[in-house]
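J.: Please see the structure below; I have some questions.
The values are calculated or read from the model by the stated rules, or taken from the named source; none is laboratory data. All values reported here derive from a predicted model rather than from experimental measurement. Note: ideal-geometry Cβ built from the backbone for every residue, glycine included; neighbour counts use all protein chains shown.
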Amino acid sequence: MKISAPTISYQNGRHVLSARISVEDTGAVFPNTLWFTIDTEQPPFEPGLADAFVVGLVAVAMKLGEDIHVEGRVSSRLAYGLGTYQVILNTWWPEFFSLVDINYAQLDDRQSDMRPESVCCSFSGGLDSYHAVMESLPSRLPNPAFNLTHALMINGFDQIVDLEHRGLARQMYNIYHPILAELGVELLMIDTNLKQFRDAAMSRLEVVNSYSSSLAASAHALAGLFGRFSIPGFGNYAWNELEPDGSHPVLDHHMSSDQLQIIHAGSSYSRIEKLQIVADMPLVQKSLRVCFLVPQFDPHSGKVVNCGECEKCVRTIVGLEIMGKLDKFTTFSRLHPIAQYQRPDILFNINDMFLKSLQELAQQYDRSDWEEALRTARELRDRARPAEIKI
C-alpha cells in the first residue's frame, strides 16, 4: 500500500485534505483517494502531514497483509506508537490482523510545547459521548489544559454516512450543535470516505475490532485545531477482565503524535454509572441516541429517536426504567409496553456484563421485579451454548 504525499484544496465551499492511495490487493475495489473535508473559515490542515492517512489505513493494511509506504511527513512519536498498536491488534486477533512494515519517507520530531490549546472529543449523541463531554467541563474537571472546547461528529464513520449531503448528517449536526453550545462546547463535523476503504477490506467484526483508528484519523486530519482528543470508551476498570475491544485503554493512546494526544476516556465508570450521572440532565433527556440503527427522526418534531428494540436500546431502557427516569427521555418514544422488556427472552440478548450491572442497579433501587427478571435472563445465558447467544 502506498500513501502519496497529502494535498490541500478548496472544493464546493469546503477545505479538503486528500492523498492518493495505491493498494496492491486486487480482490476488492478501493477508492483511488482518501480524503477528509470540513466547512470552516480557515483550513485546519497542516500541509504535507500524513498522520491521518497512516492512522486511518494501518488496520486495513494489516488485514490485507500489505506493507505501507508513506510519502508525506509523519510524527516520529506516532510512528513509534503504531508499532505497538500493531502488536496489540495482532496479539488480540492474529487471524485478522498481520504485522506489516511501515516505511516512512520523512519522520518529523515536532515540539510538543507547540500543541494547540483546544481540546476535543469524539461525539455521536450516545451515552459514552455525553459522559465524556460532561466529565471534561470545567465544573467537573478543574484542569484547564484538559477542559473540553470542541466535539467532533464524523460523517462517514459508522451510522452517519451522508457523503452526498442529502440531509442525514446535517440533521444530526443541527440537533446536537445548539445542545453542546449550551455547555460551551463547539460541535464540528468532518466528512471522510475512510469507511469505503475499511468496508472493502474488512468484515463487520474486523471493522469493529479496529474502530478507534477511524476516530483518531479524523482528529489527526484536524491537526491544526486540537492538542488533545478523547475517544469515549465503554469499558470499565472494575471488570474482572477488561476484554479486548476496538477502542481500549491500552490501545488508543498509541495513536498519539508529538502535538496531538489521544486519550481513552470514561473507563473509570461503568455504563450504568454513566447513565446515573446524566439521567437528570434535561439536555441529555431530549437528545440521547444509543441505537445501533442508522439515525431515525420523529416525523413531526424532527428530533432524533431510538428504535427501542436493538440490544443497546433495550439495556438503556431497562436501566432508565429501574431508576424511574424513563418517562423523562423523549427520544425513546417508540416503546413497547414496559412489561415486554422484563421478558427473559428479550433480556437474554443483553451481554452478561450489562445484565449483571443492571441486576446490581435493581438491587440498589429495590426493584425486586427487575432483579428477578434479570437473574432469570442471566441463568438462561449461563445454560445456553455460546453459538446460541445473540449479541
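J.: So which residues in the stretch 316-343 are out of contact with any Leu (no Cβ under 9 Å at 6 or more places or on another chain) and within 18 Å of Glu273 (Cα to Cα)?
T.: Glu321, Gly324
J.: Let me ask something else about it. Could you grab me the full set of residues in the stretch 155-188 that are touching an Asp or Glu at 6+ places or on another chain (Cβ under 8 Å) and crowded, with 20+ Cβ neighbours inside 10 Å?
T.: Within the stretch 155-188, Asn155, Gly156, Ala169, Leu180 qualify.
J.: Please give the strands (runs of 3 or more DSSP E) falling wholly within the stretch 27-111 in which 3 or more residues are closer than 21 Å to Thr7 by Cα and of a type in the set (A, V, I, L, M). I'd like the intermediate steps shown before the answer.
T.: On the way: elements: 33-38, 68-75, 102-108.
It comes to 68-75, 102-108.
J.: Can you tell me how many residues within the stretch 59-72 are in contact with a helix residue (DSSP H, G or I) (Cβ under 8 Å, 6 or more places away or on another chain), farther than 22 Å from Arg204 by Cα and surrounded by 16 or more Cβ atoms within 10 Å (Cβ to Cβ)?
T.: At the first step, the residues of the stretch 59-72 found to be in contact with a helix residue (DSSP H, G or I) (Cβ under 8 Å, 6 or more places away or on another chain) are 59-60, 62-64, 67-68, 70, 72.
Those left that are additionally farther than 22 Å from Arg204 by Cα: 67-68, 70, 72.
Still in the list and also surrounded by 16 or more Cβ atoms within 10 Å (Cβ to Cβ): 68, 70, 72.
Matching residues across the stretch 59-72 total 3.
J.: Also: Looking at Gly235, Gly224, Gly246, which one is at pLDDT below 95, surrounded by fewer than 24 Cβ atoms within 10 Å (Cβ to Cβ) and within 19 Å of Phe36 (Cβ to Cβ)? Full working, then the answer.
T.: Numbers: Gly235 fails: within 19 Å of Phe36 (Cβ to Cβ); Gly246 fails: within 19 Å of Phe36 (Cβ to Cβ).
Just one listed residue meets the conditions, Gly224.
J.: Name, by its number, the condition in (1) buried (at least 24 other Cβ atoms within 10 Å of the Cβ); (2) not in a helix (DSSP H, G or I) that does not hold for Ile8.
T.: With (1) buried (at least 24 other Cβ atoms within 10 Å of the Cβ); (2) not in a helix (DSSP H, G or I) applied to Ile8, the lone miss is (1).
J.: Next up: Name the residue, out of Ile322, Ile350, that is at pLDDT 95 or above, buried (at least 21 other Cβ atoms within 10 Å of the Cβ) and either touching a Lys or Arg at 6+ places or on another chain (Cβ under 8 Å) or polar (S, T, N, Q) (or both).
T.: Working: Ile350 fails: at pLDDT 95 or above.
Answer to the selection: Ile322.
J.: Just one of the numbered conditions (1) modelled with pLDDT of 95 or more; (2) surrounded by 14 or more Cβ atoms within 10 Å (Cβ to Cβ); (3) within 24 Å of the chain's Cα centre (by Cα); (4) not small (Gly, Ala, Ser) is not true of Phe45; which one?
T.: So the condition that Phe45 fails would be (1).
J.: In the stretch 261-295, what residues are of a type in the set (A, V, I, L, M) and over 17 Å from the mean Cα position of the chain (by Cα)?
T.: Ile272, Leu275, Ile277, Val278, Ala279, Met281, Leu283, Val284
J.: Moving on. Could you look through the stretch 249-271, keep only residues that are among the β-branched types (Val, Ile, Thr) and buried (at least 18 other Cβ atoms within 10 Å of the Cβ), and pick out the one that is nearest to Glu360 (Cα to Cα)?
T.: First, pick out the residues of the stretch 249-271 that are among the β-branched types (Val, Ile, Thr): 250, 262-263.
In the following step, the residues that additionally are buried (at least 18 other Cβ atoms within 10 Å of the Cβ) were identified as 262-263.
Working: Ile262: 33, Ile263: 29 Å.
The extreme case among them is Ile263.
J.: Can I ask one more? Looking at the stretch 129-137, is at least one residue assigned by TED's automatic domain parsing to the domain that holds Gln261, out of contact with any helix residue (DSSP H, G or I) (no Cβ under 8 Å at 6 or more places or on another chain) and surrounded by fewer than 17 Cβ atoms within 10 Å (Cβ to Cβ)?
T.: Yes, the stretch 129-137 contains a residue that is assigned by TED's automatic domain parsing to the domain that holds Gln261, out of contact with any helix residue (DSSP H, G or I) (no Cβ under 8 Å at 6 or more places or on another chain) and surrounded by fewer than 17 Cβ atoms within 10 Å (Cβ to Cβ).
J.: Out of Ala279, Ala221, Ala238, Ala216, report the one residue that is farther than 24 Å from Met134 by Cα and either outside the structural domain of Gly319 (by TED's automatic domain parsing) or of a type in the set (Asp, Glu) (or both).
T.: Numbers: Ala279 fails: farther than 24 Å from Met134 by Cα; Ala238 fails: farther than 24 Å from Met134 by Cα; Ala216 fails: farther than 24 Å from Met134 by Cα.
Going through Ala279, Ala221, Ala238, Ala216 in turn, just one is farther than 24 Å from Met134 by Cα and either outside the structural domain of Gly319 (by TED's automatic domain parsing) or of a type in the set (Asp, Glu) (or both): Ala221.
J.: Within the stretch 193-232, which residues are part of a loop (DSSP other than H, G, I, E, B) and among the hydrophobic types (A, V, I, L, M, F, W, C)? Give the steps one after another, and end with the answer.
T.: The first filter runs over the stretch 193-232 and keeps only residues part of a loop (DSSP other than H, G, I, E, B), leaving 193, 202-203, 209-211, 222-225.
If the condition is that a residue be part of a loop (DSSP other than H, G, I, E, B) and among the hydrophobic types (A, V, I, L, M, F, W, C), then Met202, Leu222, Ala223, Leu225 are the ones that fit.
J.: Show the residue pairs that are 6+ apart or on different chains and have beta-carbon atoms under 7 Å apart, the first residue being within the stretch 327-342 and modelled with pLDDT of 90 or more, the second being buried (at least 18 other Cβ atoms within 10 Å of the Cβ) and part of a loop (DSSP other than H, G, I, E, B).
T.: Here the result reads Phe329/Leu288; Thr331/Ser287; Thr331/Leu288; Thr331/Arg289; Thr331/Asn306, each pair linking the stretch 327-342 to a residue that is buried (at least 18 other Cβ atoms within 10 Å of the Cβ) and part of a loop (DSSP other than H, G, I, E, B).
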